[in-house]
Amino acid sequence: MSRKIIIDTDPGQDDAVAILLALASPEELDVLGIVAVAGNIGLKQNAINARKVVELSGRTDVPVYAGCSRPMRRTLVTAEHVHGDTGMNGPVLPDPTIPLQEQHGVDFIIATIMNNPPKTITLATLGPLTNIGMALVKEPAIAERIQEIVLMGGAYFEVGNITPAAEFNIYVDPEAADLVMKCGAKITIQPLDVTHMIQATPARLNAIKALGNKSGAAVHAMLTFSEQFDLKKYGWEGAPLHDPTVIAYLLKPELFEGRVCNVSIETASELTVGMTVADYWHVTDKPRNALYLRSGNAEGFYALLTERLSRLP
Ligand code: RIB
Ligand code: CA
């Protein structure tokens with residue numbers, strides 16, 4: 001029985017790889033829809049990028065929606081410095097032919113959760129949490145019906161990437177992240193503490209290119225573009241690969257380890273806004289609201305990713 005999921009995303013090259021991994025795994029994951037959110041780049045371009053990736057995968061049965069065009073309270077911060085002026089520089093992909101759905105992405109999220117049995121819809125979020133935050137405000141009843149929210153975001157032991165304290169997805173919309181953390185749904189977090197272990201080394205990228213299919217070539221072109229910023233910044237052998245860890249967790253959770261603890265979001269301090277404060281050592285009696293993953297098996301992850309990409313066109 002495949003798991004019903006909605007992917008909320010701001011593609012982004014790493015988002016694109018996550019979407020491909022999910023669409024290559026129909027036995028395990030039933031992707032009901034993909035919802036674009038403003039983040040790496042503006043919403044309109046994110047929605048174009050998402051449709052390009054769906055068409056690359058051949059899974060044109062999967063509908064794409066546009067969600068919110070800006071954070072709940074703050075002005076949008078984007079990341080062209082990492083992802084390029086299109087938000088997904090690297091491969092040349094044809095303009096999408098599949099339509100963008102009319103329905104607003106937030107309404108799609110709400111309707112899907114409310115019209116399916118409780119605890120049967122998982123949200124896999126790969127960007128700022130604006131759409132989820134807005135869905136919780138518009139229809140609070142979804143909180144107890146959501147099966148699980150598996151999100152890429154946050155950092156604790158690895159500290160921030162967009163500021164010394166905050167990871168980009170949380171930083172862009174800390175108010176939305178705060179709403180999500182407090183909503184009561186089951187939450188699993190893939191933070192930088194994990195993704196910084198999942199490094200796309202040249203050997204791993206070459207193995208993907210060697211698949212010889214369109215998807216492998218596109219992923220190689222995407223990641224060899226987006227890695228430039230991180231290789232310069234960190235000086236590692238490979239750039240961290242963030243968003244596909246969310247899908248890998250859904251496919252093979254045993255690749256990752258962490259613990260259930262309280263995770264709170266800083267929304268007030270100018271210095272640390274967007275920080276995910278993980279009470280990893282349980283020094284407080286705050287509610288243990290999330291599974292905070294802290295490590296991942298990189299070899300196992302890339303074996304999974306490469307094999308699944310081989311199944312695509
Ligand atoms: O900090 C990493 C996150 O920010 C990833 O989701 C990447 O796509 C960017 O959105
Ligand atoms: Ca992303």
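One table, with the values for the structure above:
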item: Of all residues in the range 112-141 being within 13 Å of ILE5 (Cα to Cα) and of a type in the set (A, V, I, L, M), the one that is surrounded by the most Cβ atoms within 10 Å (Cβ to Cβ); result: LEU126
item: Residues of the range 71-84 that turn out to be closer than 22 Å to ILE34 by Cα and more than 15 Å from ligand 1 (Cβ to nearest atom), as a count; result: 1
item: Residue in the range 1-40 that is nearest to ALA200 (Cα to Cα), counting only those that are part of a loop (DSSP other than H, G, I, E, B) and near ligand 2 (Cβ under 10 Å from one of its atoms); result: GLY12
item: Qualifying position, being within 16 Å of ligand 2 (Cβ to nearest atom) and closer than 21 Å to ALA18 by Cα, among LEU231, LEU211, LEU129; result: LEU129
item: Residue check for VAL35: surrounded by 24 or more Cβ atoms within 10 Å (Cβ to Cβ), more than 13 Å from ligand 1 (Cβ to nearest atom) and farther than 20 Å from VAL92 by Cβ; result: yes
item: Which listed residue is among the hydrophobic types (A, V, I, L, M, F, W, C), touching a residue at least 60 places away in the same chain (Cβ under 8 Å), more than 25 Å from LEU43 (Cα to Cα) and away from ligand 1 (no atom under 12 Å from the Cβ), from MET197, MET181; result: MET197
item: Residue list for the range 200-212, restricted to those being loosely packed, with under 15 Cβ neighbours inside 10 Å and either at negative phi or in contact (Cβ under 8 Å) with a residue 24 or more places away in the chain (or both); result: PRO202, ALA203, ASN206, ALA210
item: Residue among ARG74, ARG59 that is outside any helix (DSSP H, G or I), out of contact with any helix residue (DSSP H, G or I) (no Cβ under 6 Å at 6 or more places or on another chain) and within 24 Å of GLN190 (Cβ to Cβ); result: ARG74
item: Unmet criterion (only one of (1) outside any loop (DSSP other than H, G, I, E, B); (2) within 14 Å of ligand 2 (Cβ to nearest atom)) for HIS242; result: (1)
item: Hey, ALA16 surrounded by 21 or more Cβ atoms within 10 Å (Cβ to Cβ) and within 11 Å of ligand 1 (Cβ to nearest atom) or not; result: yes
item: When residues of the range 95-119 are limited to those that are among the hydrophobic types (A, V, I, L, M, F, W, C) and outside any helix (DSSP H, G or I), the one nearest to ALA143 (Cα to Cα); result: LEU100
item: Filter pass, GLY105 being closer than 25 Å to LYS214 by Cβ and in contact (Cβ under 8 Å) with a residue 60 or more places away in the chain; result: no
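Rule-based calculations on the coordinates, nothing more; no lab input. Keep in mind that what you see is a predicted model, and the values were worked out from it rather than measured. Reconstructed Cβ throughout: ideal geometry from the backbone, glycine too, with neighbour counts over all protein chains shown.
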